[in-house]
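Visitor: Please find one structure pasted underneath; my questions will follow.
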Amino acid sequence: MSETIRVDDLTFHVMRSERRKTVGLTVERDASLVAHLPKDADIGQVGELIRTRLVWVHQKLASHKDIGRETVFRRPEFIDGEGFHFLGKHYRLKLIDVDPAGPPTPTVRFHGDRLLFRREQVTAGDKRIAQHYTRAAHAYLNDTVNRWKTIVGVDPARYVQVMDLGFRWASCGSEGTLNFHWRIMQLPPQVIDYVAVHELSHLKVRDHSPVFWAEVARVLPTYTQHRKWLHERGGEL
């Protein structure tokens, strides 16, 4: 039976070599994951090392056709009336024309039930939305993590990181860094709380064992309904 290493929901096939001195990870063209190990490498230690590189792994996976974010997250069209979400609220896109000689106007802003977007930026729409949500996420998620960390009883890194995590909402680094996808700002606040508690709990329990879920339930007894919502509706956003 071939060796494998399971880290969260990822499975790495192990390839050992007498000539290899360090651990290497590859994401193959078919999106399979391979851990290249020295002949006598300890699987447990390698698993912890892989965990420190999960952000890189998920970003590589996201770049592969057929499994990237385009198959997990809805890709909006930048046309009048298109729907967008921010902190669980629904907004309709309205393209606006801006006078170049007029006062500075943000590319993205919310007004009432509308998301106002500068028409001349449509070709860069995905990028501009990601930038806007990323800026908003830094302050919001740092406040969220600070609110929950004492309840969970852990001491994460001082600041969260916000980036494109491919098809994951968040991840937890072994050094205590919490990483969140900028798209998390589309979720309702209570679901964001669940994701934050989930990752904070990983600072106590690294796997998804019953002990882990018991810890999540201790902190957030309603977590199952938020987890179900995320599974069923997260891809619609």
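The values are calculated or read from the model by the stated rules, or taken from the named source; none is laboratory data. Since the structure is predicted, the reported quantities are computational estimates derived from the model, not experimental observations. Cβ placement follows ideal geometry from the backbone for every residue including glycine, while neighbour counts extend to all protein chains displayed.
Visitor: Could you tell me whether R168 is outside any helix (DSSP H, G or I) and not hydrophobic (A, V, I, L, M, F, W, C)?
Guide: yes
Visitor: Which one is farthest from the chain's Cα centre (by Cα), of the residues in the stretch 1-37 that are of a type in the set (G, A, S) and in a loop (DSSP other than H, G, I, E, B)? Spell out the reasoning first.
Guide: To start, the set of residues in the stretch 1-37 that are of a type in the set (G, A, S) comprises 2, 17, 24, 31-32, 35.
Applying the additional criterion that residues be in a loop (DSSP other than H, G, I, E, B) yields 2, 31-32.
Numbers: S2: 30, A31: 18, S32: 20 Å.
Filtering first and then ranking leaves S2.
Visitor: Determine whether the stretch 201-214 contains at least one residue that is aliphatic (A, V, I, L, M), modelled with pLDDT under 95 and under 18 Å from V145 (Cα atoms).
Guide: Filtering the stretch 201-214 for residues aliphatic (A, V, I, L, M) gives 203, 205, 211, 214.
Okay, now just the ones that are also modelled with pLDDT under 95, so 203, 205, 211.
Adding the requirement that they be under 18 Å from V145 (Cα atoms) leaves 203, 205.
Yes, because at least one residue in the stretch 201-214 is aliphatic (A, V, I, L, M), modelled with pLDDT under 95 and under 18 Å from V145 (Cα atoms).
Visitor: Something else: Which of the residues belonging to the stretch 150-190 are over 18 Å from R135 (Cβ atoms) and either touching a Cys at 6+ places or on another chain (Cβ under 6 Å) or of a type in the set (V, I, T) (or both)?
Guide: If the condition is that a residue be over 18 Å from R135 (Cβ atoms) and either touching a Cys at 6+ places or on another chain (Cβ under 6 Å) or of a type in the set (V, I, T) (or both), then T150, I151, V152, V154, T177 are the ones that fit.
Visitor: Can you give me the number of residues within the stretch 179-207 that are under 19 Å from L61 (Cα atoms) and not aromatic (F, W, Y)? So that I can check it myself, show each step before the final result.
Guide: Within the stretch 179-207, the subset under 19 Å from L61 (Cα atoms) is 179-184.
Next cut, not aromatic (F, W, Y) only: 179, 181, 183-184.
Going through the stretch 179-207 one residue at a time, the tally reaches 4.
Visitor: Does L95 meet the test of being outside the structural domain of V160 (by TED's automatic domain parsing) and either within 22 Å of F180 (Cβ to Cβ) or aromatic (F, W, Y) (or both)?
Guide: Working: outside the structural domain of V160 (by TED's automatic domain parsing): yes; either within 22 Å of F180 (Cβ to Cβ) or aromatic (F, W, Y) (or both): no.
So L95 does not fit the description; no.
Visitor: In this structure, does P106 turn out to be within 27 Å of D80 (Cα to Cα) and modelled with pLDDT under 95?
Guide: Judged against the criteria, P106 is a match.
Visitor: Where in the stretch 181-237 are there helices (runs of 4 or more DSSP H), lying wholly inside it, with at least 2 residues that are under 28 Å from E48 (Cβ atoms), of a type in the set (F, W, Y) and assigned by TED's automatic domain parsing to the domain that holds K149?
Guide: Values: elements: 189-201, 210-219, 223-233.
Those helices (runs of 4 or more DSSP H) span 210-219.
Visitor: Please go through the stretch 138-165 and give me each residue that is touching a residue at least 60 places away in the same chain (Cβ under 8 Å), touching a helix residue (DSSP H, G or I) at 6+ places or on another chain (Cβ under 6 Å) and not in a helix (DSSP H, G or I), ordered by number.
Guide: Of everything in the stretch 138-165, just one residue is touching a residue at least 60 places away in the same chain (Cβ under 8 Å), touching a helix residue (DSSP H, G or I) at 6+ places or on another chain (Cβ under 6 Å) and not in a helix (DSSP H, G or I), namely L165.
Visitor: Considering (1) in contact (Cβ under 8 Å) with a residue 60 or more places away in the chain; (2) of a type outside the set (D, E, K, R); (3) over 29 Å from H132 (Cα atoms); (4) surrounded by fewer than 17 Cβ atoms within 10 Å (Cβ to Cβ), say which one T222 fails and leave the rest.
Guide: (1)
Visitor: Taking the stretch 27-42 on its own, how many of its residues are surrounded by 13 or more Cβ atoms within 10 Å (Cβ to Cβ) and either more than 19 Å from R168 (Cα to Cα) or in contact with a strand residue (DSSP E or B) (Cβ under 9 Å, 6 or more places away or on another chain) (or both)? Quick ask: steps written out before the conclusion?
Guide: Here is the first cut: in the stretch 27-42, the ones surrounded by 13 or more Cβ atoms within 10 Å (Cβ to Cβ) are 27, 31, 33-38, 41.
Cutting the leftovers down to either more than 19 Å from R168 (Cα to Cα) or in contact with a strand residue (DSSP E or B) (Cβ under 9 Å, 6 or more places away or on another chain) (or both) gives us 27, 33-38, 41.
Going through the stretch 27-42 one residue at a time, the tally reaches 8.
Visitor: So, in the stretch 147-178, exactly how many residues are among the polar types (S, T, N, Q), more than 19 Å from V205 (Cα to Cα) and over 16 Å from the mean Cα position of the chain (by Cα)? Steps first, answer last, please.
Guide: Of the stretch 147-178, the ones among the polar types (S, T, N, Q) are 150, 161, 171, 174, 177.
Filter once more, keeping what is more than 19 Å from V205 (Cα to Cα): 161.
From what is left, the residues that are over 16 Å from the mean Cα position of the chain (by Cα) are none.
Total meeting the criteria: 0.
Visitor: If you don't mind, another one. Could you go through the stretch 183-195 and let me know if any residue there is under 21 Å from H90 (Cα atoms), of a type in the set (F, W, Y) and touching a Ser or Thr at 6+ places or on another chain (Cβ under 7 Å). Even if it seems obvious, please write down each step before you answer.
Guide: Kept after step one, since they are under 21 Å from H90 (Cα atoms), are these residues of the stretch 183-195: 183-195.
Add one more test, that the residue is of a type in the set (F, W, Y), and what stays is 194.
Within this subset, residues satisfying the condition of being touching a Ser or Thr at 6+ places or on another chain (Cβ under 7 Å) are none.
No, the stretch 183-195 has no match at all.
Visitor: Name the residue, out of R135, R109, that is surrounded by 12 or more Cβ atoms within 10 Å (Cβ to Cβ), under 14 Å from R183 (Cβ atoms), without any contact (Cβ under 8 Å) to a residue 24 or more places away in the chain and out of contact with any Cys (no Cβ under 7 Å at 6 or more places or on another chain). Explain how you work it out, then say what you get.
Guide: Working: R109 fails: under 14 Å from R183 (Cβ atoms).
Being surrounded by 12 or more Cβ atoms within 10 Å (Cβ to Cβ), under 14 Å from R183 (Cβ atoms), without any contact (Cβ under 8 Å) to a residue 24 or more places away in the chain and out of contact with any Cys (no Cβ under 7 Å at 6 or more places or on another chain) holds for just one of R135, R109, which is R135.
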